[in-house]
1. Please name all residue pairs, on different chains or six or more residues apart, with Cβ atoms under 6 Å, provided the first residue is in the range 489-516 and is charged (D, E, K, R) and the second residue is part of a loop (DSSP other than H, G, I, E, B).
2. Would you pick out the residues in the range 421-447 that are surrounded by fewer than 16 Cβ atoms within 10 Å (Cβ to Cβ) and among the polar types (S, T, N, Q)?
3. Within the range 340-376, can you find the residues that are under 15 Å from Phe440 (Cβ atoms) and among the acidic types (Asp, Glu)?
4. Which condition does Met375 not pass, out of (1) surrounded by fewer than 19 Cβ atoms within 10 Å (Cβ to Cβ); (2) touching a residue at least 60 places away in the same chain (Cβ under 8 Å); (3) among the aliphatic types (A, V, I, L, M), if it passes all the others?
5. For the range 126-136, state whether one or more residues are in contact with a Gly (Cβ under 9 Å, 6 or more places away or on another chain) and either free of Cβ contacts under 8 Å to residues at least 12 places away in the same chain or surrounded by fewer than 16 Cβ atoms within 10 Å (Cβ to Cβ) (or both).
6. Ala194 versus (1) surrounded by fewer than 13 Cβ atoms within 10 Å (Cβ to Cβ); (2) aliphatic (A, V, I, L, M); (3) touching a Gly at 6+ places or on another chain (Cβ under 9 Å): which is the lone unmet condition?
7. Restricting attention to helices (runs of 4 or more DSSP H) lying wholly within the range 112-190, give those where 1 or more residues are small (Gly, Ala, Ser) and under 24 Å from Asn305 (Cβ atoms).
8. How many residues, within the range 87-119, are at pLDDT below 95 and of a type in the set (A, V, I, L, M, F, W, C)?
Amino acid sequence: MTPRRPSFERGGAVSARHMDVRTGARRARGWFVGEPPSFRGRAFWLWLAFVSVGIILAGRLVDVQIRQGKQLASAAAQMHQISVALSAHRGRIFDANGNILASDVAVYDIYADPSLISSSDRAGVAAQLAPVLNMGPGLISDLLGKATHFVYLSKGVSADVRSRLEALRIDGVGAIERDKRVYEPSPITPNTFAEPLLGYVDGEGNGSYGVEQYYNKALKGVDGSESTLRDMAGNSIVLSQQTHKDARDGSDLHLGLDSRIQYWAEQALAKGVAYAEAESGEVLVMDTKSGVVRAWAQDPAYNANDFAHANVADFRDQSIADLYEPGSTMKVITFAGGLNGQVIAPTTTLDEQPQTIDGYTIHDWDNKAHGLITMQDVLDQSLNNGAIRVMQLLGHDAFYKNLLAFGVGSPTGIDLAGEQNQPLEPQSQWSDIDYATASFGQHVSMTPVEMLAAINAVGNGGVWVQPHVVQAVVDPATGKSTPVVATTRRVMTPESANTLATMMTGVVDHKNAEGFLARIPGFQGQIAGKTGTADEPTNGQYEGSLIVSFGAFMPVSNPQFTMLVVLRYPHETKVPRFGAFLAAPVWKDIAQVIVDQWRILP
């Protein structure tokens, strides 16, 4: 019998999924059995989950690497990287003969790695370190509690302190050697040698005042560094990419200073300040032809090795930073203009009398009328009304231009930190009385170095030369020497300069001349000088506060040096308060040493 075929009526079809594949018979399935899983749907959800996780991770990476990257890198470096500065050696400073004026000695900075000192040991370690470092144990304990691998405990300790620390054998405490600036002693205790010229180096290794500050960049050099990675236990990772940058030492400075002259200048100045009972004083000596400084003293001064305990007011170099009305030394510049303008000669005569200008009556220092005299007499006796006559013959415009040519009111550009100047008022603002008083050194303000350079121009044949301290800067790595070249300009003809130099010798040698106390036996006619006594204004009034000075160069036949001595606010004591009596003798004392040391012949 033929078997019956299954029926495929609508709604009663049997799915092949529910039939036995071998017999075609339908398999029975209970109501509690679900549909078989859909693998395609599961894959979709799994893919979506992976994508979501990937987005979250990518966002986190962006946040960590970009937004928090620098902060986390810094934190990681503090945990695992130690970086130590390799200090450059500061350049040395030498005098003209190769003697060291400023150099360095080794001192030590004490550091600790707090990660190597457990919190339980911290108080005991602090107690051990405190007496050696002369610090409070509480402060040391606080430093040891910092979350870092490197912290300074103390800086600039001596080799003895370092040895005592090494004897304690404390793990995590070490020393880094560095340099400390030292200066030579002055003959005036407790000062250091040539300190206003040199300045000092502060606790951060930066130059302050003098050549130390002016040449700080060249002297200081460039520090190097060395760093290494450490693991969590604090051990160096040998195969890590260590970084090492060599330090570049600073350049050496070779000055024109003659220490032999400087030595005696400091003593002579201190003696002169004490004798005059002056508040302070300065001595400036420069080579007439090159402009290089040979000596530079100030009193009172200070100890640059112990600057932290010095009087701050003594740091200021008065030779370049303190303005003053120069008084009669200005007559050198006034006469230079008159001779160069060919309106006077040494034998030109005038009737020298007090005169009234803009309601002010001008008197000479002796309150006398000198009658018919020559211009040589005017310079010898330092007569104010005679200087006014020179200005009047020259004319206002030419007189003003002559002041500018000689550098009045302008910085010299000397290579020392802190030079000041007071520019001349515009000529349109000058009155007749201003021109008159400026001719003999009132109404205008200068620094001593400005006046030194002006007087020096006469000795240098009419050529103004820039004063400078350093002769050469030397690179210690290569030995290359870079000379310092001074600027120059002609301010008067050689003939006029020679005439004025001869007239200035009369100030020293002639009878009744002001500079007689500067005479040196055997050098008659060879010392060209000028005295100065200026009544300094106080709150706009001239009330007898004096600054006295004497400037000169020698020998006139072949000038070797120009020197200016300034004494500020002397008291009336044994002698009158004039440059002739107080400043000229100091000049002579130092000049005699220069003559002997340099073997200068008449």
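1. Arg490/Gly462; Asp509/Gln524; Glu514/Ser382
2. Passing the criteria: Gln422, Gln427, Ser428, Gln429, Ser431.
3. Glu352, Asp364, Asp366
4. Going through (1) surrounded by fewer than 19 Cβ atoms within 10 Å (Cβ to Cβ); (2) touching a residue at least 60 places away in the same chain (Cβ under 8 Å); (3) among the aliphatic types (A, V, I, L, M) one by one, Met375 breaks only (1).
5. yes
6. Unmet condition: (1).
7. Hits in the range 112-190: 159-168.
8. 8
The values are calculated or read from the model by the stated rules, or taken from the named source; none is laboratory data. Note that the structure is a prediction, hence the values are computed from the model and not measured. Note: ideal-geometry Cβ built from the backbone for every residue, glycine included; neighbour counts use all protein chains shown.
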